[in-house]
1. Which of the lysines could be linked to Lys227 by a straight reach, that is with a Cα gap under 25 Å, when you skip same-chain ones fewer than 8 residues away?
2. On a C-alpha basis, how far is the centre of the stretch 251-309 from the centre of the stretch 211-237 in Å? Whole number, if you could?
3. Ranking request for peptides 87-97, 244-254: highest mean number of other beta-carbon atoms within 10 Å first, then the rest in descending order.
4. Between Val596 and Arg119, what is the label-point separation in nm under the 7 Å Cα-to-beta-carbon projection?
5. For Ser131 and Ser199 in the same chain, what is the full-extension length gain: residue separation times 0.36 nm, less their Cα-Cα distance, in nm?
6. So what J values fall out for the stretch 30-41 if you push phi through Karplus, 6.51 cos²θ - 1.76 cosθ + 1.60 with θ = phi - 60°, rounded to Hz, Gly and Pro as x?
7. Sort 117-130, 176-189 by the packing proxy (mean of other Cβ within 10 Å over each peptide's residues), most packed first.
8. Which FRET efficiency value, to the nearest 0.05, do you get for Ala523 and Glu253 by plugging their Cβ-Cβ distance into 1/(1 + (r/R0)^6) with R0 = 45 Å?
Amino acid sequence: VRLAPAQRSPGAVEAARALDFAADRDELAARLTRVDEARSLLDAGRGAPMGEVPDVVPAARAARRGAVLEPEQLQAVGVHLEAAGRLRRYFADVADLAPTLAEVSLGLADEPDLGRSLRDTFDDHGEVADSASGDLAHLRHRVAGLHQQLKQRIDGLLGDPEFEGMLQDEYVTIREDRYVLPIRSGHKQHVDGIVHGWSASGQTVYIEPQPVVEANNKLLMAQAEVKREVRRILARLSGQVGKVASTLGASQEALVTLDLAWAAGALSRELEASTPILTDASTLSLKAARHPLLCLQGLLVVANDLLIAPPHQVLVITGPNTGGKTVALKTAGLCTLMALAGLHVPAQPGSQVPRVPGVFTDIGDEQSLDDSKSTFSGHIANLNAIIEALRPDSLVLLDELAVGTDPIQGAALAQAVLEGFADRGALVVVTTHYESLKALPFDDPRFRNGAMGFAPDRNVPTYHLTLDVPGASSALRTARRLGLATDIVDRAIELTGPQHRALESVIERLEHETSEARVARKAAEAERSALAVAREAADAHEARLRLRLRDGLARERDAALDEARTLRDELQKMKRELKQGQRRDADWVNQQKSRVDRAIERV
């Protein structure tokens, strides 16, 4: 739905619409790597010059069989070769960022001479240009000259007194590629020439006058020579295309692969998706997953963690009507399908998806009046089909299992079906309102609860999934929220009985406590993050102070060393003077001694 419109080549559009599970692990890993690299290039602002590229494989195959291609087919090959050249250069430049895509681009055709010939052969209108061959320009010039001469000659006949009163109109027309005069039908015997037809009314006969027959013949012969030369040019180019037909086939495949990877990278960026971790373990772990189609509609989607891991096999999602149970179930299925097709998933990094052999669903109303099939029988038919095709580790999605019949028997049947799927080694996500299924996780370790949240204070669903707790159906609250008459809702509450109301109250209180705990945990996480930031800031400040202190000490040390060296030089000078017998008075000696003392004190 979203990949196909993003493609630039017809082959890539078909590949996107037919995208399915990867054939093997290596192919799946290669797909994901290509999408990773395309996403990285897009995030870095390094857009690829894809352009719109036609599929040239049918034309190339026809040329290999000896067919002469039409101008538009040859121009399409030229467009392909130019695009291939651009992409080869682009991916060579980004090979360090996208080595896998760069390797794929090596399969693109590298035929610059043929591409240049095809580009230079045709003009801006798609016609073979005069410069395509040395003879073509000459032949077309000759045709233009003959055409001009013939036009002048027949225009002269229009003004000839001999034809006065015979012409139906004062114009020249063309019939069967020859210039003719429109003669009144009553005068056709008065004009010597060849008749080329009549008007619809029969009032006009189109005659080629004898004086222009030879000129018309010369013009047609010259035009035929032009057509032969054009066909010769097209045949020559078609032969060249036929020689590289296999190269063009491989190039088309490489182009489709690159185009599909680029569109998948763009989709990943739009969904703010991440690379899934494919695993052989029976573990589905989606972190902060969002329904991809809702995201693409621009809706604000609540992200949820979806987890099925050993010993659990069945995730039982319960909660209020219109509370997001089906959305959570479909999110699990769509993310799994996207991952196995080699696409990124709308979830946080680190999300794991098992390599399931199949994904089976029973979602929606299967009622059909034409087939005399009820909702219940439709679901049973689906379950039978799933059981027959099921293989271990398959993913099964069941929305409102075993509804449309007696609630007690329906709940028993639903439990038996889920236990049967678990016995067969399947992973299951099921939505339900049956109270007995909510209790299963407390008795069978293969089952796990998941509750869609409800805010009693605001009387609205939160669409947030909490694992390991059952959810209250809140059907009566929902009915009241949706506007059902108050007296009817109040009466329904009375009819539920005290035991059921107590159970609903316990579940709602548990949901409320869970919600409060979640808020407290978020606050604690925020406080912990703030403390970490403050600690980092303090460490950085301490490091700066230490650096400043070290720099200051170094400067003082350097200054003291410089002064000590100066003093040493002066003492040596004094020593030489004393040895030479130079006399100094007592004041001078005292001054020098004071200087030495001060220097020693500083050092």
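The values are calculated or read from the model by the stated rules, or taken from the named source; none is laboratory data. Since this is a predicted model, take the numbers as computed values, not measurements. Cβ: placed from backbone, ideal geometry, glycine included. Neighbour counts: every protein chain shown. Calculation scope for accessible area: heavy atoms of the full protein, side chains included, ligands and nucleic acids excluded. Shrake-Rupley method; radii C 1.70, N 1.55, O 1.52, S 1.80 Å.
1. Cross-link targets: Lys151, Lys218, Lys243.
2. Measuring centre to centre over Cα atoms gives 60 Å.
3. 244-254, 87-97
4. Simple spin-label model gives 8.9 nm for this pair.
5. 20.4 nm
6. 5, 4, 5, 5, 5, 5, 4, 5, 4, 4, 4, 5
7. Going by the mean number of other Cβ atoms within 10 Å, highest first, we get 176-189, 117-130.
8. The formula returns an efficiency of 0.25 here.
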